[in-house]
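This report concerns only the one structure given below.
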Amino acid sequence: MEYELTRTQRAFVCGAVSGAIAATVTTPFDVVKTLQQVSMTTQESQASGVQVLRQVVASKGLSGAFTGLGARLARVAPSCAIMISCYELGKEKLCIA
C-alpha cells in the first residue's frame with residue numbers, strides 16, 4: 001500500500017529535518033557562547049570564540065563541541081516542524097499558495 005503525504009505533513013517532516021540540521025550545525029557555536037558567558041569574570045573571558053573552541057576540542061574531543069545536542073534537538077526540531085507546518089497550513093487555508 002502506497003501512502004501519499006499531504007502538503008502539511010510534508011512541511012512537518014521537512015521542518016523537523018531542517019530544524020535538526022540547523023541545531024546540529026549551530027551547536028558548537030552555542031557551546032562556545034555559553035562557555036564565554038560562564039567565564040566572563042575570569043581571565044579566560046578574553047579568549048576568542050576560536051580559542052574557546054580549540055580548548056574544548058583539546059580537552060573533551062570533538063564531541064565536546066556538541067555537548068547538549070540531544071536537548072537542543074529535542075527543542076528545535078519539533079518547534080521548526082510545528083512552525084513550518086502551521087505556516088503551510090495557514091497558506092493553504094487562506095488560498096495563498
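The values are calculated or read from the model by the stated rules, or taken from the named source; none is laboratory data. For clarity, every value in this text was computed on a predicted model and none was experimentally measured. Note that we place each Cβ from the backbone using ideal geometry, even for glycine, and neighbour counts take in every protein chain shown.
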Being surrounded by 15 or more Cβ atoms within 10 Å (Cβ to Cβ) and not small (Gly, Ala, Ser) is the filter here; which residues of the stretch 9-22 pass it?
Phe12, Cys14
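Table: residues versus (1) closer than 30 Å to Ile96 by Cβ; (2) among the charged types (D, E, K, R).
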residue: Glu4; (1), (2): yes, yes
residue: Arg7; (1), (2): yes, yes
residue: Pro28; (1), (2): no, no
residue: Leu69; (1), (2): no, no
residue: Pro78; (1), (2): yes, no
Tally the residues that are touching a Lys or Arg at 6+ places or on another chain (Cβ under 9 Å), of a type outside the set (Asp, Glu) and closer than 19 Å to Val13 by Cα, restricting the search to the stretch 45-90.
2
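Name the single residue that is surrounded by the fewest Cβ atoms within 10 Å (Cβ to Cβ) among those in the stretch 79-97 being of a type in the set (Gly, Ala, Ser) and touching a helix residue (DSSP H, G or I) at 6+ places or on another chain (Cβ under 8 Å). Full working, then the answer.
We begin by selecting, within the stretch 79-97, every residue of a type in the set (Gly, Ala, Ser); these are 79, 81, 85, 90, 97.
Filter once more, so that each one left must be touching a helix residue (DSSP H, G or I) at 6+ places or on another chain (Cβ under 8 Å): 79, 81, 85, 97.
Values: Ser79: 14, Ala81: 20, Ser85: 21, Ala97: 9.
Only one residue fits best here, namely Ala97.
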Out of the residues in the stretch 23-57 that are within 14 Å of the chain's Cα centre (by Cα) and surrounded by 15 or more Cβ atoms within 10 Å (Cβ to Cβ), state the one that is nearest to Cys80 (Cα to Cα).
Ala23
List every residue pair whose Cβ atoms sit under 7 Å apart, with the two residues 6 or more apart in sequence or on different chains, where the first one lies in the stretch 10-22 and is in contact (Cβ under 8 Å) with a residue 60 or more places away in the chain and the second, anywhere, is among the β-branched types (Val, Ile, Thr) and assigned to a helix (DSSP H, G or I).
Ala11/Ile84; Cys14/Ile84; Gly15/Ile84; Gly19/Val76
Taking Ala58 as meeting all but one of (1) at pLDDT 95 or above; (2) under 28 Å from Ala16 (Cβ atoms), write down the number of the exception.
(2)
Applying the selection to the stretch 58-78, what residues are surrounded by 14 or more Cβ atoms within 10 Å (Cβ to Cβ) and among the hydroxyl-bearing types (Ser, Thr, Tyr)?
Thr67
